[in-house]
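Worksheet for the structure shown next.
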There are 2 protein chains.
Amino acid sequence: MIVALAGGVGAARFLRGLLAVVPPDDVTAIVNTGDDITLHGLHISPDLDTVTYTLAEAVNPETGWGLVGETWQAMDALERYRGATWFRLGDRDLATHLFRTQRLADGATLTEVTAEITSAWGLGLRLLPMSDDRIETRVTVEGEGEIGFQEYFVGRAHSVPVTGVRFAGVERSTPGPDVLRSIRSADLVVICPSNPIVSIGPILAVPGVEHEVAARRQRTVAISPIVAGAALKGPADRMLTELGHESSVVGVARLYAPFAGTLVIDEADAAKARAVEDEGMTCVVAPTIMSDREKAAALAKVVLGA
Amino acid sequence: MIVALAGGVGAARFLRGLLAVVPPDDVTAIVNTGDDITLHGLHISPDLDTVTYTLAEAVNPETGWGLVGETWQAMDALERYRGATWFRLGDRDLATHLFRTQRLADGATLTEVTAEITSAWGLGLRLLPMSDDRIETRVTVEGEGEIGFQEYFVGRAHSVPVTGVRFAGVERSTPGPDVLRSIRSADLVVICPSNPIVSIGPILAVPGVEHEVAARRQRTVAISPIVAGAALKGPADRMLTELGHESSVVGVARLYAPFAGTLVIDEADAAKARAVEDEGMTCVVAPTIMSDREKAAALAKVVLGA
């Protein structure tokens, strides 16, 4: 059994590679829901959907999120009302949010709805929201105060300096059903190459999760989302620096060392392997840039062998 | 000032004709919201939207509701999840519900959102929801019990016998702002050719509305939605019979006589004019079938002259 802690695009690409080398029944992904947003009355779970669409081979390959061949009639029509179109929802993508929102209103949990959605897409792995409780990643932005994660990430194109991040509601939250149990029974825990602060951070902040991962530290392998000091996608590099960390594999190692025994870093960072080990992690050097499924599968094999 | 009590398609067609002969500033339509439904978390106001789209010349002429040239990507995609697709929401139409739902969540009233929507479509008349409170038309269906109006109307294609209708929440509701005032200051109140039970009925059931209309009975003109015993559209004829009324202009006159002084009936019913007058209403005979805008305008002139 393999348990992966997953954010959005990077995690989705890694999982796609992983499923090329292990049976889907053996994989559980615990997915960040701190990015979830209620917009137009709809419950939107960007990371769950990115993972789902990617594994269903339905994701838009240009953006890494949303559906391929999407149409935008609803968003275009919303402009007439000067409605909120900054968060782009394609017409077919909307169906996912309509369904999720209706099922939640019917009394289903996010875990249940997620299972229904992944089953409808024919996925064999298990996707578990980190919690069925509402946890909101809030970002304090210089000169502006605290805003929602998507307002920062999409609304400001993550181009404004961040002075703080918190996960509102996380203290009172409980992990989704089977989240802790799946970690406990995992042969391998993978920390996907996602933003350590706002993708992996919220999952670990759910009470009990970091403790259970740390208890399996020697079976926990993280993949650095930072390559040669930069994030492949998103603001992880700037965010690390702005919040007082180092935007490097060493900075990632400092964050992950308390609960992960191994860090996989890219060949570009081979010279930093020793420094990573100095932080108390076993360091594995491998190609980590998943430009296609084969490269992602190769990375998955490295992780399985680590 | 002209105030119209309005349901969906029939009312929309009449108002389109009315606006061909009077300035839009002189017209206020008080619109039924008993048909409103929350689906997928979205607040849908079918009668308000039918009137809006019709007056904006954007309605689908085939159906009388929804937008012309609509696409159905979201509904098609919802089928993957076996989501609720019985209530068809086009992609562009969805934008209206997304906007309305967001604005209501922001704290706007339905009256305010409706003004924003009609303004976005460039409409000059005033559309007032009958109430900003949630009033739900509930239909008791033989052998099945009570269901929501749209479940009856759309879900069962209004083909099942009805044994009762009620407007849940109406006793505790208050009329929308300006609803009573606009009736009080009206030179003419028009009861549009809408279903007397489930379109006009809910409006009159809002506390104070029937009283104010009745107080202007001599200035109130109704148009019969029943022509030669049948409804032009929808289940008004069967519903009248099933609920113990007569499906004829005389049956309509019996319902409307307490608060309307005049009933406009179609030429097909000319022989029943005397029987209508016996119910205590002035009867005007005229062509009432609004197959195009000119015929609707001609009917509006008849109403203005009545």
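What follows draws every value from the coordinates through simple rules; no lab data is involved. None of the values given here were measured: they were computed from a predicted structure. No Cβ is skipped: glycine too gets one built from the backbone with ideal geometry, and neighbour counts run over all protein chains shown.
Below, the figures for the structure above:
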{"quantity": "Positive minus negative residues near B:S224 (Lys, Arg vs Asp, Glu; Cβ under 13 Å)", "calculated": "-4"}
{"quantity": "Summed side-chain charge close to A:L299 - residues other than A:L299 whose Cβ falls under 15 Å, Lys, Arg +1, Asp, Glu -1", "calculated": "0"}
{"quantity": "Highest-fluctuation residue, B:L39, B:L89, B:L263 considered, GNM on chain B with Cα pairs under 10 Å", "calculated": "B:L39"}
{"quantity": "Alpha-carbon centroids, segment B:39-111 and segment A:108-141: separation in whole Å", "calculated": "27"}
{"quantity": "Estimated dipole of segment B:220-306 in Debye, rounded to 20 [Cβ of Lys and Arg +1, of Asp and Glu -1, Cα centre]", "calculated": "200"}
{"quantity": "Acute angle (nearest 10 degrees) that the helix B:91-105 long axis makes with the longest principal axis of chain B, alpha-carbon atoms", "calculated": "90"}
{"quantity": "Spatially near lysine pairs across the protein assembly as shown, Cα under 29 Å, sequence gap of 8 or more or different chains", "calculated": "10"}
{"quantity": "Top of B:V190, B:V68, B:V250 by mean-square fluctuation, Gaussian network on chain B, Cα under 10 Å", "calculated": "B:V68"}
{"quantity": "Antiparallel bridge percentage (DSSP; both residues within chain A; nearest 5)", "calculated": "40"}
{"quantity": "Euclidean distance of C-alpha centroids, segment A:199-261 and segment B:259-300, integer Å", "calculated": "76"}
{"quantity": "At most 13 other Cβ within 10 Å, DSSP loop - chymotrypsin sites (Phe, Trp or Tyr not before Pro), segment A:151-226", "calculated": "none"}
{"quantity": "Cα gyration tensor, the protein assembly as shown - rounded (a/c under 1.5), prolate or oblate", "calculated": "prolate"}
{"quantity": "Fewest-first sequence of A:F99, B:F87 by Cβ atoms within 10 Å of each Cβ", "calculated": "B:F87, A:F99"}
{"quantity": "Loop-located GluC sites (Glu not before Pro) in segment B:160-235 whose Cβ has at most 12 other Cβ within 10 Å (DSSP)", "calculated": "B:E171"}
{"quantity": "Whole-number percent relative contact order across chain A, with pairs defined as alpha carbons under 8 Å at least 6 apart", "calculated": "20"}
{"quantity": "Gyration tensor (alpha-carbon) shape descriptor, segment B:29-91, a/c threshold 1.5", "calculated": "oblate"}
{"quantity": "Overall form of segment A:70-160 per C-alpha gyration tensor (a/c, 1.5; a/b vs b/c)", "calculated": "oblate"}
{"quantity": "FRET E, pair A:R134, A:E62, Förster distance 41 Å, beta-carbon r, rounded to 0.05", "calculated": "0.85"}
{"quantity": "Under 5 Å, built H, 5+ apart or other chain: amide partners of A:L39", "calculated": "A:I44"}
{"quantity": "Sorted by Cβ neighbour density within 10 Å, fewest at the top, the residues A:C283, A:C192", "calculated": "A:C283, A:C192"}
{"quantity": "Inter-copy spacing of A:E142 label points, which lie 7 Å from Cα along Cα→Cβ, given in nm from shortest upward", "calculated": "7.4"}
{"quantity": "Across the identical copies, how the A:T174 labels are spaced - nm, sorted shortest first, 7 Å along Cα→Cβ", "calculated": "4.2"}
{"quantity": "Percentage relative contact order, segment A:175-305, counting C-alpha pairs under 8 Å, at least six apart", "calculated": "21"}
{"quantity": "Residue-wise HN-Hα coupling along segment A:255-261, computed from phi with Karplus coefficients 6.51, -1.76, 1.60 (Hz; x: Gly, Pro)", "calculated": "6, 8, 3, x, 10, 10, x"}
{"quantity": "Proximal charge balance of A:W121 [Cβ under 11 Å; K/R count +1, D/E count -1]", "calculated": "-2"}
{"quantity": "Magnitude of the charge dipole, the protein assembly as shown, Cβ model with Lys/Arg +1 and Asp/Glu -1, debye to 20", "calculated": "120"}
{"quantity": "Cα long-axis angle, helix A:293-305 against chain A (0 to 90 degrees, to the nearest 10)", "calculated": "50"}
{"quantity": "Packing-based exposure ordering (other Cβ within 10 Å, fewest first) of B:D178, A:D49", "calculated": "B:D178, A:D49"}
{"quantity": "Chain A: calculated mean residue ellipticity at 222 nm from DSSP helix runs of at least 4, using -39500 (n - 2.57)", "calculated": "-9500 deg cm²/dmol"}
{"quantity": "Square roots of five times the Cα gyration tensor eigenvalues for chain B, Å", "calculated": "29, 22, 19"}
{"quantity": "For segment A:179-185, 3J(HN,Hα) per residue [Karplus equation, 6.51 cos²θ - 1.76 cosθ + 1.60, θ = phi - 60°, Hz, x = Gly/Pro]", "calculated": "5, 5, 4, 5, 5, 4, 9"}
{"quantity": "Amide H contacts under 5 Å for A:L127, placed H, 5+ residues apart", "calculated": "A:A29"}
{"quantity": "Calculated FRET value between A:R172 and A:A271, using beta carbons and R₀ = 30 Å, to 0.05", "calculated": "0.10"}
{"quantity": "Cut-off under 5 Å, modelled amide H: who pairs with A:L232 long-range", "calculated": "A:V227"}
{"quantity": "Loop sites in segment B:31-100: trypsin sites (Lys or Arg not before Pro), DSSP, at most 12 other Cβ within 10 Å", "calculated": "B:R82"}
